[in-house]
Amino acid sequence: MRTAFLLAAAMFALPAITPVAAADLSLPAKEPPYPTGYQWTGFYIGGNGGYEFGNVKDFGSVTVGGVPAAGGVTVSGFSSSGSNSGGFGGLQFGFNYEFPSHIVAGFEADADWGNLNGSSAGCAGGVCSSGSSNINNFGTLRIRLGYAFDNVLPFGTGGGAWADTRWSSTITAVPAGAFPGLAVPANSPYSTFAIGYTAGGGVEVGVLHNVTFKAEYLWEQFNGVAQTYNYGFADAAGTIPVVGNHSASMTLNTVRVGFNILLPAAPGWFR
(Lines give C-alpha, C1' and ligand atoms only; values in the text may rest on other atoms or scores of the structure.)
Protein backbone atom coordinates (compact mmCIF):
# COMPACT_ATOMS: atom_id res chain seq x y z
CA MET A 1 0.00 0.00 0.00
CA ARG A 2 2.83 2.36 0.86
CA THR A 3 4.58 1.54 -2.46
CA ALA A 4 1.44 2.30 -4.46
CA PHE A 5 1.09 5.63 -2.68
CA LEU A 6 4.69 6.62 -3.50
CA LEU A 7 4.24 5.72 -7.18
CA ALA A 8 1.09 7.81 -7.41
CA ALA A 9 2.81 10.79 -5.79
CA ALA A 10 5.72 10.54 -8.24
CA MET A 11 3.33 10.50 -11.21
CA PHE A 12 1.60 13.68 -9.99
CA ALA A 13 4.93 15.43 -9.30
CA LEU A 14 6.55 14.61 -12.68
CA PRO A 15 4.69 17.25 -14.77
CA ALA A 16 5.78 19.99 -12.36
CA ILE A 17 9.41 18.90 -12.39
CA THR A 18 9.76 18.44 -16.15
CA PRO A 19 9.38 22.14 -17.17
CA VAL A 20 11.99 23.15 -14.62
CA ALA A 21 14.43 20.59 -15.92
CA ALA A 22 13.72 21.55 -19.49
CA ALA A 23 14.37 25.18 -18.65
CA ASP A 24 17.82 24.27 -17.44
CA LEU A 25 18.71 22.73 -20.81
CA SER A 26 20.16 25.55 -22.94
CA LEU A 27 19.88 25.00 -26.68
CA PRO A 28 22.71 26.31 -28.89
CA ALA A 29 21.94 29.79 -30.31
CA LYS A 30 21.35 29.98 -34.03
CA GLU A 31 23.94 31.96 -36.01
CA PRO A 32 22.56 34.88 -37.99
CA PRO A 33 21.99 34.02 -41.64
CA TYR A 34 25.04 34.75 -43.84
CA PRO A 35 24.32 37.40 -46.48
CA THR A 36 23.61 35.87 -49.85
CA GLY A 37 24.88 37.17 -53.18
CA TYR A 38 27.98 39.17 -54.02
CA GLN A 39 29.01 41.69 -51.36
CA TRP A 40 30.07 45.17 -52.59
CA THR A 41 30.37 47.03 -49.28
CA GLY A 42 33.87 48.09 -48.23
CA PHE A 43 37.01 50.02 -49.06
CA TYR A 44 39.07 49.00 -52.07
CA ILE A 45 42.29 49.78 -53.94
CA GLY A 46 43.24 48.96 -57.50
CA GLY A 47 44.98 49.88 -60.73
CA ASN A 48 43.90 51.08 -64.17
CA GLY A 49 45.19 51.85 -67.64
CA GLY A 50 43.80 53.16 -70.88
CA TYR A 51 43.83 55.79 -73.59
CA GLU A 52 42.87 59.47 -73.53
CA PHE A 53 42.08 61.75 -76.47
CA GLY A 54 40.55 65.17 -76.85
CA ASN A 55 40.60 68.72 -78.21
CA VAL A 56 42.48 71.85 -77.18
CA LYS A 57 41.43 75.40 -78.05
CA ASP A 58 43.94 78.22 -77.51
CA PHE A 59 43.25 81.93 -77.21
CA GLY A 60 45.86 84.58 -76.61
CA SER A 61 47.50 87.87 -77.44
CA VAL A 62 50.96 89.36 -77.82
CA THR A 63 51.69 92.74 -76.25
CA VAL A 64 54.67 95.07 -76.45
CA GLY A 65 55.82 96.97 -73.38
CA GLY A 66 54.39 94.53 -70.84
CA VAL A 67 50.86 93.41 -70.03
CA PRO A 68 48.03 95.80 -71.03
CA ALA A 69 47.32 96.62 -67.38
CA ALA A 70 50.87 97.95 -67.09
CA GLY A 71 50.66 100.11 -70.22
CA GLY A 72 51.48 97.47 -72.80
CA VAL A 73 50.02 97.71 -76.29
CA THR A 74 48.44 94.66 -77.87
CA VAL A 75 50.02 93.98 -81.23
CA SER A 76 48.00 90.92 -82.18
CA GLY A 77 45.53 88.40 -80.89
CA PHE A 78 45.55 84.78 -81.95
CA SER A 79 43.50 81.65 -81.65
CA SER A 80 44.10 78.09 -82.69
CA SER A 81 42.84 74.60 -82.06
CA GLY A 82 44.31 71.15 -82.01
CA SER A 83 44.11 67.78 -80.35
CA ASN A 84 45.98 65.65 -77.86
CA SER A 85 46.09 61.96 -77.14
CA GLY A 86 48.13 59.26 -75.42
CA GLY A 87 48.14 56.26 -73.14
CA PHE A 88 48.31 56.23 -69.34
CA GLY A 89 48.24 54.07 -66.22
CA GLY A 90 47.57 54.69 -62.56
CA LEU A 91 45.96 53.77 -59.25
CA GLN A 92 42.60 54.28 -57.57
CA PHE A 93 41.14 54.09 -54.08
CA GLY A 94 37.48 54.10 -53.09
CA PHE A 95 34.57 52.91 -50.98
CA ASN A 96 31.25 51.21 -51.79
CA TYR A 97 28.18 50.71 -49.63
CA GLU A 98 25.45 48.34 -50.79
CA PHE A 99 21.97 49.06 -49.44
CA PRO A 100 19.38 46.29 -48.89
CA SER A 101 17.74 47.49 -52.11
CA HIS A 102 21.01 46.59 -53.96
CA ILE A 103 21.72 50.24 -54.73
CA VAL A 104 25.47 50.80 -54.37
CA ALA A 105 26.80 54.27 -53.51
CA GLY A 106 30.35 55.39 -52.85
CA PHE A 107 33.30 57.49 -53.94
CA GLU A 108 36.53 56.97 -55.88
CA ALA A 109 39.77 58.94 -56.22
CA ASP A 110 42.35 58.15 -58.87
CA ALA A 111 45.69 59.42 -60.14
CA ASP A 112 47.20 58.52 -63.51
CA TRP A 113 50.51 59.11 -65.25
CA GLY A 114 51.14 59.21 -68.98
CA ASN A 115 52.42 61.27 -71.88
CA LEU A 116 49.50 63.01 -73.58
CA ASN A 117 50.69 65.39 -76.28
CA GLY A 118 48.83 67.94 -78.41
CA SER A 119 49.55 70.79 -80.80
CA SER A 120 47.84 73.82 -82.35
CA ALA A 121 48.67 76.67 -84.74
CA GLY A 122 47.11 79.90 -86.02
CA CYS A 123 47.71 83.44 -87.34
CA ALA A 124 46.07 86.79 -86.66
CA GLY A 125 47.06 90.35 -87.51
CA GLY A 126 50.21 89.17 -89.21
CA VAL A 127 51.46 87.40 -86.08
CA CYS A 128 51.61 83.62 -86.40
CA SER A 129 52.00 81.31 -83.45
CA SER A 130 52.03 77.63 -82.68
CA GLY A 131 51.49 75.86 -79.41
CA SER A 132 52.04 72.49 -77.84
CA SER A 133 50.52 70.93 -74.76
CA ASN A 134 51.53 67.99 -72.62
CA ILE A 135 49.79 66.29 -69.70
CA ASN A 136 52.06 64.19 -67.53
CA ASN A 137 49.65 63.36 -64.72
CA PHE A 138 45.97 63.85 -64.01
CA GLY A 139 43.23 62.50 -61.79
CA THR A 140 39.67 62.71 -60.53
CA LEU A 141 37.65 62.65 -57.31
CA ARG A 142 34.15 61.32 -58.00
CA ILE A 143 30.99 59.90 -56.49
CA ARG A 144 29.66 56.61 -57.88
CA LEU A 145 26.08 55.33 -57.92
CA GLY A 146 24.96 51.99 -59.32
CA TYR A 147 22.71 48.97 -58.95
CA ALA A 148 24.12 45.53 -58.17
CA PHE A 149 22.89 42.55 -60.18
CA ASP A 150 24.65 40.10 -57.87
CA ASN A 151 28.31 40.33 -59.03
CA VAL A 152 27.64 42.80 -61.88
CA LEU A 153 27.56 46.51 -61.03
CA PRO A 154 26.70 49.07 -63.73
CA PHE A 155 27.33 52.60 -62.41
CA GLY A 156 27.33 56.28 -63.20
CA THR A 157 29.93 58.67 -61.84
CA GLY A 158 30.79 62.37 -61.67
CA GLY A 159 32.89 64.91 -59.80
CA GLY A 160 36.03 67.01 -60.08
CA ALA A 161 39.13 66.57 -62.23
CA TRP A 162 42.68 67.94 -62.23
CA ALA A 163 45.59 67.91 -64.68
CA ASP A 164 49.24 68.97 -64.42
CA THR A 165 49.81 70.58 -67.83
CA ARG A 166 52.87 71.79 -69.72
CA TRP A 167 52.50 74.37 -72.47
CA SER A 168 54.83 75.86 -75.06
CA SER A 169 53.83 78.91 -77.11
CA THR A 170 56.00 79.95 -80.05
CA ILE A 171 55.82 83.06 -82.23
CA THR A 172 56.69 81.84 -85.72
CA ALA A 173 56.21 85.04 -87.78
CA VAL A 174 55.63 88.77 -87.18
CA PRO A 175 54.97 91.74 -89.49
CA ALA A 176 58.09 93.61 -90.61
CA GLY A 177 59.04 96.21 -88.02
CA ALA A 178 56.53 95.04 -85.42
CA PHE A 179 59.27 94.01 -83.01
CA PRO A 180 62.39 96.05 -83.83
CA GLY A 181 65.57 94.10 -83.24
CA LEU A 182 63.72 90.85 -82.47
CA ALA A 183 64.13 87.50 -84.15
CA VAL A 184 61.59 84.69 -84.59
CA PRO A 185 60.84 81.97 -83.83
CA ALA A 186 60.81 82.55 -80.10
CA ASN A 187 59.54 80.07 -77.57
CA SER A 188 58.09 80.49 -74.09
CA PRO A 189 57.39 77.27 -72.15
CA TYR A 190 55.38 77.29 -68.94
CA SER A 191 53.25 74.98 -66.79
CA THR A 192 49.97 75.32 -64.94
CA PHE A 193 47.69 73.20 -62.74
CA ALA A 194 44.23 72.87 -64.31
CA ILE A 195 40.99 72.21 -62.41
CA GLY A 196 37.85 70.92 -64.14
CA TYR A 197 34.97 68.49 -63.86
CA THR A 198 34.15 65.03 -65.14
CA ALA A 199 31.23 62.65 -65.72
CA GLY A 200 30.85 59.16 -67.11
CA GLY A 201 29.95 55.59 -66.34
CA GLY A 202 30.93 51.97 -66.62
CA VAL A 203 30.46 48.44 -65.37
CA GLU A 204 32.30 46.46 -62.69
CA VAL A 205 32.21 42.67 -62.36
CA GLY A 206 33.18 40.61 -59.32
CA VAL A 207 35.33 37.60 -60.32
CA LEU A 208 36.40 36.51 -56.81
CA HIS A 209 34.87 37.35 -53.43
CA ASN A 210 37.29 40.30 -53.10
CA VAL A 211 38.49 41.00 -56.68
CA THR A 212 36.64 42.90 -59.41
CA PHE A 213 37.39 44.06 -62.94
CA LYS A 214 35.92 47.21 -64.47
CA ALA A 215 35.66 49.18 -67.70
CA GLU A 216 34.63 52.84 -67.76
CA TYR A 217 34.45 56.02 -69.81
CA LEU A 218 35.01 59.54 -68.44
CA TRP A 219 34.44 62.90 -70.11
CA GLU A 220 36.57 65.70 -68.65
CA GLN A 221 36.34 69.45 -69.23
CA PHE A 222 38.91 72.12 -68.28
CA ASN A 223 38.11 75.78 -68.96
CA GLY A 224 40.11 78.97 -68.50
CA VAL A 225 43.55 77.38 -68.26
CA ALA A 226 45.36 80.72 -68.29
CA GLN A 227 48.92 81.97 -68.02
CA THR A 228 50.89 85.15 -68.67
CA TYR A 229 54.43 84.60 -69.88
CA ASN A 230 57.36 86.64 -71.18
CA TYR A 231 58.86 85.75 -74.53
CA GLY A 232 62.12 87.26 -73.40
CA PHE A 233 62.18 89.74 -76.29
CA ALA A 234 63.46 93.28 -76.11
CA ASP A 235 64.30 95.92 -78.65
CA ALA A 236 67.85 96.87 -79.56
CA ALA A 237 68.04 99.06 -76.45
CA GLY A 238 66.64 96.29 -74.26
CA THR A 239 63.65 98.30 -73.10
CA ILE A 240 60.58 96.70 -74.73
CA PRO A 241 59.48 93.36 -73.28
CA VAL A 242 57.15 91.22 -75.36
CA VAL A 243 54.55 89.39 -73.30
CA GLY A 244 52.10 86.65 -74.19
CA ASN A 245 48.74 86.05 -72.56
CA HIS A 246 47.36 82.59 -73.11
CA SER A 247 44.10 80.87 -72.23
CA ALA A 248 43.03 77.40 -73.24
CA SER A 249 40.14 74.98 -72.85
CA MET A 250 40.56 71.22 -73.00
CA THR A 251 37.96 68.53 -73.57
CA LEU A 252 39.27 65.05 -72.85
CA ASN A 253 37.81 61.58 -73.32
CA THR A 254 39.14 58.78 -71.15
CA VAL A 255 38.59 55.08 -71.87
CA ARG A 256 40.13 52.64 -69.40
CA VAL A 257 39.98 49.26 -67.75
CA GLY A 258 41.10 48.31 -64.27
CA PHE A 259 40.83 46.02 -61.28
CA ASN A 260 39.92 46.51 -57.60
CA ILE A 261 40.76 44.53 -54.46
CA LEU A 262 38.31 44.75 -51.56
CA LEU A 263 40.14 45.50 -48.31
CA PRO A 264 39.34 43.54 -45.13
CA ALA A 265 36.94 45.44 -42.87
CA ALA A 266 37.47 46.00 -39.15
CA PRO A 267 34.96 44.03 -37.04
CA GLY A 268 31.64 45.86 -36.77
CA TRP A 269 32.45 48.60 -39.27
CA PHE A 270 29.46 48.01 -41.52
CA ARG A 271 26.95 46.64 -39.01
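Values for this structure:
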item: Selection within region 189-227 - among the small types (Gly, Ala, Ser), surrounded by fewer than 16 Cβ atoms within 10 Å (Cβ to Cβ), under 16 Å from the mean Cα position of the chain (by Cα) and within 22 Å of TRP167 (Cβ to Cβ); result: none
item: Residue list for region 188-218, filter: assigned to a strand (DSSP E or B) and of a type in the set (S, T, N, Q); result: SER188, SER191, THR192, THR198, THR212
item: Considering residues of region 72-82 that are buried (at least 18 other Cβ atoms within 10 Å of the Cβ) and hydroxyl-bearing (Ser, Thr, Tyr) only, the residue modelled with the lowest pLDDT; result: SER76
item: Qualifying residue in region 173-187 (condition: closer than 25 Å to PHE138 by Cβ and at pLDDT below 80); result: yes
item: Qualifying residue in region 135-154 (condition: touching a residue at least 60 places away in the same chain (Cβ under 8 Å), surrounded by 15 or more Cβ atoms within 10 Å (Cβ to Cβ) and outside any strand (DSSP E or B)); result: yes
item: From the options SER168, SER85, SER130, residue that is farther than 27 Å from VAL211 by Cβ and crowded, with 18+ Cβ neighbours inside 10 Å; result: SER130
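The values are calculated or read from the model by the stated rules, or taken from the named source; none is laboratory data. This structure is a prediction, so every number in the text was calculated from the model and none was measured. Methodologically, a virtual Cβ is constructed for each residue, glycine included, from the backbone with ideal geometry; neighbour enumeration extends over all protein chains shown.
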